[in-house]
Structures are given as C-alpha cells and as structure tokens.
Amino acid sequence: MANKRGTAGSAPFHDILRHYAVLILTILSYKFTTATEEDAFRAGQSILSPVAAASRDVRYLLYDVNPPEGFNLRRDVYIRMASLLKTLRKEGDWVLVLPPWGRLYHWQSPDIHQVRIPWGEFFSITSLQANIPVIEYEEFIAESGGPFIDQILVLQSYAEGWTDGKWEEKMDERPCIEKLMYSKDKQGYYRGWLWGYEETRALNVTCLSAQGHASILAPVLQNNLNATSIMLDRSETVLHDHYAEKDYWDTRRSMVFAKHLRIIGDEFRAKYLNSTDKQDQTLYNEDWTQMKNRLGSAKGGPYLGVHLRRKDFIWGHREDVPSLKEAVKKICSLMKKHKLQQVFVATDADDEELAKLKRMLPEMVQYKPTWEDLELLKDGGVAIIDQWICAHARYFIGTSVSTFSFRIHEEREILGFDPKTTYNRFCGDDENECEQPTHWKIVY
Ligand SMILES: C[C@@H]1O[C@H](OP(=O)(O)OP(=O)(O)OC[C@H]2O[C@@H](n3cnc4c(=O)[nH]c(N)nc43)[C@H](O)[C@@H]2O)[C@@H](O)[C@H](O)[C@@H]1O
C-alpha cells in the first residue's frame, strides 16, 4: 500500500492476510445472501433456482456495450437498462442479467486475469436487487438451462441520420450498418465475444436502428415472444429514460460498492488521511433505501480529493485537460484556500507523468496496491477504492467530462456534501471559459 508520500511500499503481511480474509467473508456473505434471495424468488421477487425459474415465464434481458467504453460509462448504461427493465416488468417477469466485466481497454495491469468478472466483485448484489431483479451471468447459464441466447439485437443509429434535421424517437429493424461482430459457426449458431464465454452462442442476430430513450425498446422485446433471452448489444445507443430524476437516482443509489472495497478505502482514509465517518460526518447506511443525508450535512475528511484523468484524455482532443504544471498550481491554491494539509490524488497517469507529478507535489497521497492486492481487487476494484476515497474528501476537484469524476460527484451527493465542495473541475491551460460541472441534485 502507498505510504504518505505516495511511494508504493510493500504492504505488511498481516495487511495482505486481512484483505484475503475480507474477500473470503464477502464471498461467503454473498453465498449466504443467495440462499435468502431464493426465498425472495419464491415470494415472486427474484430468480435463482433453475427449477423455480422453469416454472415461471421468466424472460431474460442481457446487454453489452461498445468495447472501447470504460468502466464508468458502463455504469451509466446499467442505469438505462435498469429503467428499461422496470418498463418491461409492467408486462412480464423480466430479469436483468449482469454482463460480466472484462477486456476493458483501460484495465492494463499486466499478468492479471481480468475477464469474466462477476458484478459481485465490485458491487453489492443485494443492493442492486433491492431496486430490480438482477442475476449474474453464470446464474443465467445455470437457470436458463444452457449457454444459448435466443436473440441478439445490435442497436445502431439510422444510416440516413435525422430526417429533415428533425429528431424524433423511433426504432426499426434495419440491415446492419457496420460489419457484425458475430459470425455463424458450422452448426449455424452465432459466436462473438460474449464476455469471454466461448460456449455461449446466439440463435439469431439482427440489427435494430434506434433513436430515443431506453424504454422505446420495450414493445420490440415484449412482442418477441419466441425469445426468452434477448441481448441488446451496443446498448449505449439509447438514452436515459429519466436522467437525474427519482428513477435515475434510485438505480444509482442501488449501485453500492462491494463491502470489501469500501472497507479497504475506509482503512486507508483512517491510516493515511486522518479521516473517519464519525469525525467527517459522512454517515453511511448499508441499506441504501434507508439512506437520506441532507445536502451540506457531510463535512468530509481533512484532505483535498483530486481526480486527474490523463492517458487517452491528454491526446484525445481535450482542450479542457490541464498540463501537470497547471494542475499542481491549482491543487496548491485549493489546499491553501481550504486550509488543507493533505491531498489525495487518483489518477491514471503513466509512470513517466506520475514521477513528474510526484516531483512537483511531493506531499501527494495515493492508494497504491501491492501486486497481491491488485491481483485480488483488479483494476476495477482499485478504481472504486480511488473513487471512494475522493468521495470522502472535504473538497473535490475532478477532470472535465470524465465519467470517472461524474460518478464521484454522485457518490458525494449521496453522502450529503455541499455541492460547492463537489462540482469542480480543472481547466485547460488555454481555456477561456471554464464552465464548471452541473449540479445534478439528488432526488428521493
Ligand atoms: C475517451 C473516453 O474516456 C472515458 O473515460 P472516463 O469517462 O474518464 O472514465 P471511465 O469510463 O471510467 O474510463 C477510464 C478508466 O481509466 C482508469 N482510470 C481513470 N482514472 C483513474 C484513477 O484516477 N484511478 C484509477 N485507479 N483508475 C483510473 C479506470 O480503469 C477507468 O475506468 C471512457 O469511458 C470512454 O470509453 C472513452 O475512452
């Protein structure tokens, strides 16, 4: 784990043991919850047992996202799919199948197995289930009786664009515009990436031009009675049904980070940043449905939280990303202004940039997992720990248009921070009008 100066020291052995113990406890508690969830299913809320599933007319909604998209944009797409599922459930027993994590462009740590990762490694499944019925992909395979998906609908825009320059909600089955990412095997089944599950195949793949909110897809799914399982590929094509409204926030609040990740983040805060929930007034309830912190009630730990997005953001046409020199200038001025002695930096900077940053800002604190920790937590787990620590800072500044920073804004909104301490971003060195992020007020 990182020491105070941000250099990666090796974690004491008992730390590693503790992390393993926490992970094992989490897995055990997950197993135990599935037993109680089976009871919930019998009460008609969730599905887990194949026999029980077969006795109902369960239909499965699966989805995937354009491969280059990152972790936090994918979290946003989950909210859109959850909303669609709620619409579908008005007329049927639909369940959302959680797409396993893996092969993400940004998860570049070498020698770590980062495919087929279940959602339970990053998020609390019981919390998700308090919002909508969800199951892990492997549960879907077990209870649907085989590795087949009946129908894949690849979403795409309209080849002709907006007609007459007028935007309207619509959807039509159309020839595929791009080359299909699925090909037929000798038996006539479709094969593709499908989260790295080679045995999974699809019976049918077609393209659907769609323009509008997620729930415009509901009739097509509901009326496709021949398909019990339908997967929407490129599901980021459709928009939020109710962006920043109650339904959005309900789903967002249900996306509670897995407990072992929160524990590691909390221990780091206490050890290196003198930050505890009691002192910082960041009250937390394991049951998100019971959590309603007043905005302005959270004080936050005595440190500045920074998310400094680099890598593809530097060369990818971002006039609004600062040079390291200007970023450090801004950090120092904020620390002075808010009388903070410590700064926690979350960043994806490469080694060269990181070394430069540390030379300019020697007091910076970073969460640096050991290799063993990283192997357990994976890049996604480390990203969540970084976000969790930033979410608890007295004052936060993030990177323009980064969904990584946006998810931190939301986490702070849930914790009850004054918006002035949250919706701040770095400006590009030559940016004249540096508009700050919008405050999307939480709705209960
Ligand atoms: C250009 C676009 O950028 C979008 O990125 P953006 O919104 O920042 O945010 P994400 O969608 O999360 O993608 C960025 C990924 O980079 C890593 N990363 C970035 N910053 C940090 C950090 O501070 N700490 C840690 N541990 N990891 C970090 C992490 O894996 C994260 O999921 C992508 O979603 C789009 O697909 C596209 O590539």
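Nothing in this text is a laboratory measurement; each read-out follows from the coordinates by a stated rule. Remember, it's a predicted structure, so these values are computed and weren't measured experimentally. Reconstructed Cβ throughout: ideal geometry from the backbone, glycine too, with neighbour counts over all protein chains shown.
Averaged over residues, the count of other Cβ atoms within 10 Å places the peptides 140-153, 169-182 in the sequence 140-153, 169-182, highest first.
Is the shape of segment 51-143 rounded, prolate or oblate, going by the alpha carbon gyration tensor and its root eigenvalues a ≥ b ≥ c, with a/c under 1.5 for rounded and a/b larger than b/c for prolate? List each step's numbers first, then the result.
Working: a/c = 2.33, a/b = 1.68, b/c = 1.39.
Verdict is prolate for segment 51-143.
Where does segment 53-233 land on Rg(C-alpha)/(2.2 N^0.38 Å)? If you can, show how the numbers build up before the last one.
Values: Rg = 16.5 Å, N = 181, 2.2 N^0.38 = 15.9 Å.
Against the compact-globule rule of thumb, the ratio is 1.04.
Within the chain, antiparallel bridges make up roughly 25 percent of the DSSP beta bridges whose residues both belong there. With a cut-off of 17 Å on the backbone N, the residues of segment 66-93 near the modelled label site 7 Å out from Ser109 along Cα-Cβ are 71-72.
Please compute the net charge surrounding Ser229, taking Lys and Arg as +1 and Asp and Glu as -1 over other residues with Cβ under 10 Å from its Cβ. So the surrounding residues net to 0.
Spacing of the modelled spin labels on Leu283 and Glu319, each 7 Å from Cα toward Cβ, amounts to 4.6 nm. The angle between the Cα long axis of helix 324-337 and the main principal axis of the chain comes to about 70°, on a 0 to 90 degree scale.
Site pair Glu372 and Ser183 shows an inter-label distance of 4.4 nm when each label is modelled 7 Å from Cα along Cα→Cβ.
Give the shape of segment 212-353 as rounded, prolate or oblate, defined through the alpha-carbon gyration tensor: a ≥ b ≥ c are the square roots of its eigenvalues, a/c under 1.5 means rounded, and otherwise the shape is prolate if a/b is larger than b/c and oblate if not.
Details: a/c = 2.51, a/b = 1.51, b/c = 1.66.
Cα axes put segment 212-353 in the oblate bin.
Over all pairs of different C-alpha atoms, the chain has a mean inverse distance whose reciprocal, the Kirkwood radius, equals 23.2 Å.
Kirkwood-type hydrodynamic radius, segment 257-421: 16.2 Å, calculated from all non-identical alpha-carbon pairs.
Would segment 164-270 count as rounded, prolate or oblate if I go by the C-alpha gyration tensor, calling it rounded below 1.5 in a/c and otherwise prolate when a/b exceeds b/c, oblate otherwise? Oblate is the answer for segment 164-270, as a/c is 1.5 or above yet b/c matches or exceeds a/b.
Applying 0.36 nm per residue to the separation of Lys356 and Lys329 and subtracting their alpha-carbon distance, the gain on full extension is 8.4 nm.
Relative contact order for segment 53-233: 30 percent, from Cα pairs under 8 Å spaced at least 6 residues apart, divided by residue count. May I ask you to list the aspartates and glutamates whose Cα is less than 14 Å away from that of Lys246, ignoring any residue fewer than eight positions away on the same chain? Excluding near neighbours in sequence, the set is Glu410, Glu413. Using a cut-off of 20 Å between Cα atoms, the listed pairs Lys299/Lys329; Lys311/Lys420; Lys336/Lys356; Lys271/Lys368; Lys325/Lys368; Lys271/Lys299 include Lys299/Lys329; Lys311/Lys420; Lys336/Lys356; Lys325/Lys368 as exceeding that distance. Between Thr276 and Gln222, the distance separating the two model label sites (each 7 Å from Cα on the Cα→Cβ line) works out to 5.3 nm.
The local environment of Trp249, defined by Cβ-Cβ distances under 10 Å, has a net charge of -1 under the rule Lys, Arg +1 and Asp, Glu -1.
Can you give the extra length, in nm with one decimal, that the chain gains between Phe148 and Arg116 once fully stretched, where that is 0.36 nm per residue apart less the Cα-Cα distance? Display every interim value, and only then the final one.
Details: separation 32, 0.36 × 32 = 11.52 nm, distance 1.66 nm.
The Phe148-Arg116 span can extend by a further 9.9 nm.
As a test, work out the antiparallel percent of DSSP beta bridges whose residues both lie in segment 286-405, rounded to the nearest 5.
Values: 0 of 11 bridges.
If I count the DSSP bridges inside segment 286-405, around 0 percent turn out antiparallel.
With contacts defined as alpha carbon pairs under 8 Å and 6 or more residues apart, what's the relative contact order of the chain in percent?
20 percent
Compare the peptides 288-294, 257-263, 346-352 by average per-residue count of other Cβ atoms within 10 angstrom and give them in order, highest first. Please report the intermediate quantities before stating the final value.
Values: 288-294: 13.3, 257-263: 19.9, 346-352: 16.0.
Order by mean packing, descending: 257-263, 346-352, 288-294.
What's the angle, to the nearest 10 degrees (0 to 90), between helix 259-273's Cα axis and the longest principal axis of the chain? The angle comes out at about 10 degrees.
Summing Lys and Arg as +1 and Asp and Glu as -1 over all other residues whose Cβ lies under 12 Å from the Cβ of Asp320 gives a net charge of -4.
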